[in-house]
1. Can you find even one residue in segment 62-83 that is under 28 Å from SER136 (Cβ atoms) and modelled with pLDDT under 90?
2. Which condition from (1) out of contact with any Asp or Glu (no Cβ under 7 Å at 6 or more places or on another chain); (2) at negative phi; (3) not basic (Lys, Arg); (4) not in a helix (DSSP H, G or I) is the one that ASN167 breaks?
3. Does segment 51-68 contain any residue that is closer than 19 Å to ILE178 by Cα, touching a Ser or Thr at 6+ places or on another chain (Cβ under 6 Å) and hydroxyl-bearing (Ser, Thr, Tyr)?
4. Among the listed residues THR13, THR75, THR41, which satisfies the condition of being surrounded by 24 or more Cβ atoms within 10 Å (Cβ to Cβ) and either in contact with a helix residue (DSSP H, G or I) (Cβ under 9 Å, 6 or more places away or on another chain) or of a type in the set (Gly, Ala, Ser) (or both)?
5. Considering segment 93-119 alone, what residues qualify as being at pLDDT below 80 and of a type in the set (D, E, K, R)?
6. Condition test on ILE289, is it loosely packed, with under 12 Cβ neighbours inside 10 Å, more than 28 Å from LEU177 (Cβ to Cβ) and modelled with pLDDT of 90 or more?
7. Does segment 261-282 hold any residues that are in contact (Cβ under 8 Å) with a residue 12 or more places away in the chain, charged (D, E, K, R) and surrounded by fewer than 24 Cβ atoms within 10 Å (Cβ to Cβ), and which are they?
8. Residue under question is ILE284, and the condition is that it be modelled with pLDDT of 85 or more, out of contact with any Asp or Glu (no Cβ under 8 Å at 6 or more places or on another chain), more than 22 Å from PRO186 (Cα to Cα) and not polar (S, T, N, Q); does it hold?
Amino acid sequence: MKVKNASVLYFLTRSLFLGFGFSLLYTSSNKDTFIGAILGTFIGLLFTYIYSYLIKLKNNQTLKDIFKSKLGLITRIMYLIATLIILLYVLVIYKIFVTSFLLVSSPELFVTIPFLILAIFLAFKNLTIIKRIAASLLPISIIIAIITYLSLIGYVETTNYLPILNNNPLNIFKTALIFGGISSLPNILTIHLQNETKSFIKYYLIAAIILIINIIFISGVLGESLINIFRFPEYIVLKLIKLFQFIEKVENILSVIWIFDLFITATMAIYSIKELVPQKNNKISTILILLIMIFIIDNIFAFNYVNELIIYHILPLLSYIIIIPLIVLFFILLKKKNQ
């Protein structure tokens, strides 16, 4: 049975916000970040609509058919580079988060490799399997999010939101651009999908609303002075939660929804790499690329805070540098194919 919804879009939209994304947003507009995020949602919706339009233009063609021309080869290479960048960010975020909070004493390679092995296994199946997994994880993710919000209500200080609109409008606009870019970049992977465009807007909106609610709770709990201190403010907020006032450390259970985001995005990215490399021995080529990526991450980003900060700050600009040219190239290719 085929899964016809695009629930993968929900996980893709959220995937780059863990740690990196939220901190970037707060750097720009602090307690007014939720306003910038709301505005940024409209930017993300625009890109989401464009992605759905491009998929309609594909008209059930495969990317292999679309990439047969010289322009197609250029687009294919650019799309492969974009996919590799998305996967790099996902793996770096996953590594930093898990080694910082969940498996502090574990070697970094032992943290990354099992995650990748499972993602490779699913990616080497087909898109239907990936969509089924995403559809199964979606209600779990939303239920855990609701439980989290109900548990945090008592820790929110309404004074932490005041005064509203105390920031320069340019800072809020910058936050909107950051939100729109970071939420839209991983969604470029949806170009591989077929005929699921009716649900694109719905899943993007669900993901964006949950991200905005996260921002509101982080601001309300931590306050203006603490927001920018922590690299993973959303996890710090979860540490306050206790079940029945005596069961602690539930943050490790609640934070599993972020692992879902990263896992689905990594799986989609690996699937994309497999489809974009030369098809002869494409699985071997994909594994070799992933081994090189693991080596790069282990040697460049292994507890190297300076290098982490560099990719952390270039992410918003990089999002638009990747998205806009690829959209233009895909549009030209698909229009030519349909003439």
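The values are calculated or read from the model by the stated rules, or taken from the named source; none is laboratory data. Keep in mind that this is a model prediction, so the values were computed, not measured. Cβ sites come from the backbone with ideal geometry, for glycine too, and all protein chains shown count toward neighbours.
1. Among the residues of segment 62-83, at least one is under 28 Å from SER136 (Cβ atoms) and modelled with pLDDT under 90, which makes the answer yes.
2. It is condition (1) that ASN167 fails.
3. The answer is yes; a qualifying residue exists.
4. Values: THR75 fails: surrounded by 24 or more Cβ atoms within 10 Å (Cβ to Cβ); THR41 fails: surrounded by 24 or more Cβ atoms within 10 Å (Cβ to Cβ).
None of the others qualify; the one that does is THR13.
5. GLU108, the sole residue that qualifies.
6. Details: loosely packed, with under 12 Cβ neighbours inside 10 Å: no; more than 28 Å from LEU177 (Cβ to Cβ): yes; modelled with pLDDT of 90 or more: yes.
No, not satisfied.
7. Here is the first cut: in segment 261-282, the ones in contact (Cβ under 8 Å) with a residue 12 or more places away in the chain are 261-277, 279.
Still in the list and also charged (D, E, K, R): 261, 274-275.
If the condition is that a residue be in contact (Cβ under 8 Å) with a residue 12 or more places away in the chain, charged (D, E, K, R) and surrounded by fewer than 24 Cβ atoms within 10 Å (Cβ to Cβ), then LYS274, GLU275 are the ones that fit.
8. Yes, satisfied.
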